[in-house]
């Protein structure tokens, strides 16, 4: 049964009432709510986003700043190890302090969440914008346009992200805002895969009757794309974008770990991991906390992206229903 034919029927005898077909948004939320792992992941992502947005408020409650040095809280005779138990954890510093500098670790973690999530989301927007634009242009263009854009996309996909990012970040002036630069570089290099998906979907969609009728009525290519193709491309684009966010978070962390990403004193989880690789014995929380947050964020976004894919794909639901029905018949 197609999605447009799905209706909600009241099971009570004698009523005979048939409700209106559920909208696409209602079907999506119903399928997403049925996946407990996706709901847990969505809650974790929402909490991380809330912490990132409320970073100034949280650090104000603690009374600390992510860039303020506290030399008296580290033991210079031991190479800068935090003074006190558990890395200097106390009422004034909830998660301790950073080795050598004495900067508050909690403040740097919550502000690092802003940088990591913000860079990943901005890079994803750039990737989606370029991928959709080039994919639709290739799918709707003539043979020469399609060939030129497809070969250009193949070259972009073949480029090694880390190597090209390191090369581009090395030639940009130091005064340019580093988070904006990192997001732009990741976005400009990583749009090839989504362009391929959009092109393939466009080639399939333009064979449909309503798109052919729009062409015969004299509509231009961009009007057809805006009115007929973009609504149908929403599901695959949203699904792939949800899976791109954790990939971009990992890319930002890797660039910061290699020293080509966000520069101090701006906090970033990847940058903190770079500094923590020599302190994992003297101050293990300085390594474990950013690594743990990075792992949880990437895992939650990956699970949520897979849940969105399942909720937006009606074939996944039908396959699940068929499989469940066969198991019930086998048990009977």
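The modelled label-to-label distance between residue 142 and residue 39, using points 7 Å beyond Cα along the C-beta direction, is 5.5 nm.
Counting neighbouring beta carbons within 10 Å and listing from fewest to most, the residues 106, 28 come out as 28, 106.
Springs between Cα atoms under 10 Å define the GNM used for the chain, and in it the highest mean-square fluctuation of 226, 31, 196 occurs at 226.
Ordered by the count of other Cβ atoms within 10 Å of each Cβ, fewest first, 94, 191, 144 give 144, 94, 191. With respect to the chain, whose longest principal axis is taken over its alpha-carbon atoms, helix 24-33 is tilted by about 50°. What's the FRET efficiency of residue 213 with residue 133 using the Cβ-Cβ distance as r and R₀ = 35 Å, to the nearest 0.05? My answer for the efficiency is 0.90.
The slack in the chain from residue 166 to residue 61, taken as 0.36 nm per residue of separation less the alpha-carbon distance, amounts to 34.0 nm. Helix 105-140 and the longest principal axis of the Cα set of the chain meet at an angle near 30°. Normalising the average separation of contacting C-alpha pairs (under 8 angstrom, six or more residues apart) by the number of residues puts the relative contact order of the chain at 21 percent. Normalised by 2.2 N^0.38 Å, where N counts its residues, the alpha-carbon radius of gyration of the chain equals 1.26.
Legend: ranking of residues 256, 116, 221 from fewest to most surrounding C-beta atoms inside 10 Å; resulting order 221, 256, 116.
If you average the C-alpha positions of region 200-276 and of region 73-99 separately, how far apart do those two centres end up, in angstrom? Cα centroid to Cα centroid, the span is 42 Å. To test your reading of the geometry: what angle, between 0 and 90 degrees and rounded to tens, separates the Cα axis of helix 143-158 from the longest principal axis of the chain? With rounding to tens, the tilt is 30 degrees.
The calculated 222 nm mean residue ellipticity attributable to helices in the chain amounts to -22000 deg cm²/dmol, summing -39500 (n - 2.57) over DSSP H runs of n ≥ 4 and dividing by all residues.
We did not get these values from a lab; they are worked out from the coordinates using the rules stated. Quick caveat: nothing in here was measured; it's all calculated off a predicted structure. Counting neighbours? That spans all protein chains shown, and the Cβs are built from the backbone with ideal geometry, glycine included.
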